[in-house]
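The values are calculated or read from the model by the stated rules, or taken from the named source; none is laboratory data. Quantities reported herein were computed from a predicted structural model and do not represent experimental measurements. Because the Cβ atoms are built from the backbone with ideal geometry, glycine has one as well, and the counts that use them run over all protein chains shown. Ligands, DNA and RNA are excluded from the accessible area calculation, which covers all protein heavy atoms including side chains. Shrake-Rupley method; radii C 1.70, N 1.55, O 1.52, S 1.80 Å.
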Amino acid sequence: GTSGNLQINAKKQIGRHFRNERLSHFLLLRLPTIVLYPSRHILRHRKMVSTITKRSVYLVGLLIVAGSSQYVHSLPGKRLTGATMNRRLANMEYAVRGTVVIAADRIAHELSEKTVKHPFDHILFTNIGNPQSVGQKPLTWPRQVMALADLPDEVGVDHPKAAELFPADAIARAREIKTALGGHGTGAYTHSQGPLAFRRNIAEFIEKRDGGIKSDPSSIFMSNGASAAIQDVLTALIADDKVGVMLPIPQYPIYSATIDLLGGQKVGYYLDEEKGWDLNMAELERSLKQAQDKGINVNSFVLINPGNPTGQVLSKRAVQDIVKFCSKHGLVLLADEVYQENVYDDNAEFYSC
């Protein structure tokens, strides 16, 4: 759209560009305030241009809204189809949302509608880590804090009965969050790296976890979940179709799917199942050399620790070996450590890269 308001004779202008009179009337009646023209048409009509600032003359495309199939059929053929879409997207595979899950959705619908009989009465979805869907109770305190952070002060942290409804530490944390957000609330945009106060909290966590090693808040980028961070970093790394990224096999498929979408090369290295899915340095060297012999420019290495989906926790020595391997070959190390609290082996201890 534009930054200014378009004051136009909508019926007259639409009629010029659509031979279907009923369609032009439909657009005028149903959508009087959202009418977009190709920029060349705007530039032809001085009367229209005079009402728009120079900055706002950036209309692209054409918005067509039809209420029934009779209008759709009068329009040109579809531009976006399975045949015309981005082939990288079409060929991308994301197994945890793929064929098996689609079949499970269909069967779950059949069970719900009782259209097909099955020898069971429900589907248990375990394709993704979704513990609450299988009965785990949600954590209370984070929800209390977020509720207070989302609510206006007068019905939240400053409400006369807030202390009766929420614990004192939840109220205190909500006040800290509101202050960190500059008093704008949780609905406003923040710094592109995330609010500085939150990044300082993250830096403090890292310093405490890693025995006092300093962490710089200005080097921390918050993201909308781990998947968004993975996509951002891989987008920066994969400059052309010769770039390769080393991936563990097996691995969580967001990596392989994103690399396919960006047109990069997957360079797999196998985990040793016989040794509890441990890493083998000889296997890493083999995988890298094989890719380089094919002309692939390997520039990065993905480490998932604790493993997903394998669950293994690497020893301190193994983590050190991987860091040395990446340093030796000039590889960017993508350390996926989101499950660092999920250590279920009493004899294992998590070490960050």
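Screening S227 against (1) part of a helix (DSSP H, G or I); (2) under 30 Å from T186 (Cβ atoms); (3) out of contact with any Ser or Thr (no Cβ under 8 Å at 6 or more places or on another chain); (4) open to solvent by 70 Å² or more (accessible area, probe 1.4 Å) leaves a single unmet condition, (4).
Hey, can you tell me all the residues within the stretch 306-346 that are of a type in the set (S, T, N, Q) and modelled with pLDDT of 90 or more? Quick ask: steps written out before the conclusion?
Within the stretch 306-346, the first condition is being of a type in the set (S, T, N, Q), and the residues that meet it are 308, 310, 312, 315, 320, 327, 340, 342.
Of everything in the stretch 306-346, those that are of a type in the set (S, T, N, Q) and modelled with pLDDT of 90 or more turn out to be Q312, S315, Q320, S327, Q340.
Here is a check on your reading of the model: is N305 more than 25 Å from G98 (Cβ to Cβ) and not aromatic (F, W, Y)? Yes, satisfied. Is it true that T140 is over 25 Å from A95 (Cβ atoms), loosely packed, with under 10 Cβ neighbours inside 10 Å and not aromatic (F, W, Y)? Against the criterion (over 25 Å from A95 (Cβ atoms), loosely packed, with under 10 Cβ neighbours inside 10 Å and not aromatic (F, W, Y)), T140 does not qualify.
Of the residues in the stretch 328-339, not one is aromatic (F, W, Y) and surrounded by fewer than 17 Cβ atoms within 10 Å (Cβ to Cβ).
Report whether or not S352 is more than 29 Å from M92 (Cα to Cα), in contact (Cβ under 8 Å) with a residue 60 or more places away in the chain, under 25 Å from the mean Cα position of the chain (by Cα) and open to solvent by 10 Å² or more (accessible area, probe 1.4 Å). Judged against the criteria, S352 is a match. In the set I42, I34, I123, only one residue is at pLDDT 85 or above, among the aliphatic types (A, V, I, L, M) and open to solvent by less than 100 Å² (accessible area, probe 1.4 Å); that residue is I123.
Filter the stretch 230-253 down to the residues that are in a helix (DSSP H, G or I) and either open to solvent by 10 Å² or more (accessible area, probe 1.4 Å) or in contact with a Pro (Cβ under 7 Å, 6 or more places away or on another chain) (or both) and list them by number. Steps first, please.
Pass one, the stretch 230-253, residues in a helix (DSSP H, G or I): 230-237.
Listed by number, the residues that qualify are I230, Q231, D232, V233, T235, A236, L237.
Of all the criteria given as (1) surrounded by 14 or more Cβ atoms within 10 Å (Cβ to Cβ); (2) in contact with an Asp or Glu (Cβ under 9 Å, 6 or more places away or on another chain); (3) of a type in the set (D, E, K, R), the one not satisfied by E176 is (2). Could you please let me know if D216 is farther than 30 Å from A95 by Cβ, in contact with a helix residue (DSSP H, G or I) (Cβ under 8 Å, 6 or more places away or on another chain), loosely packed, with under 12 Cβ neighbours inside 10 Å and in contact (Cβ under 8 Å) with a residue 12 or more places away in the chain? The answer is yes for D216.
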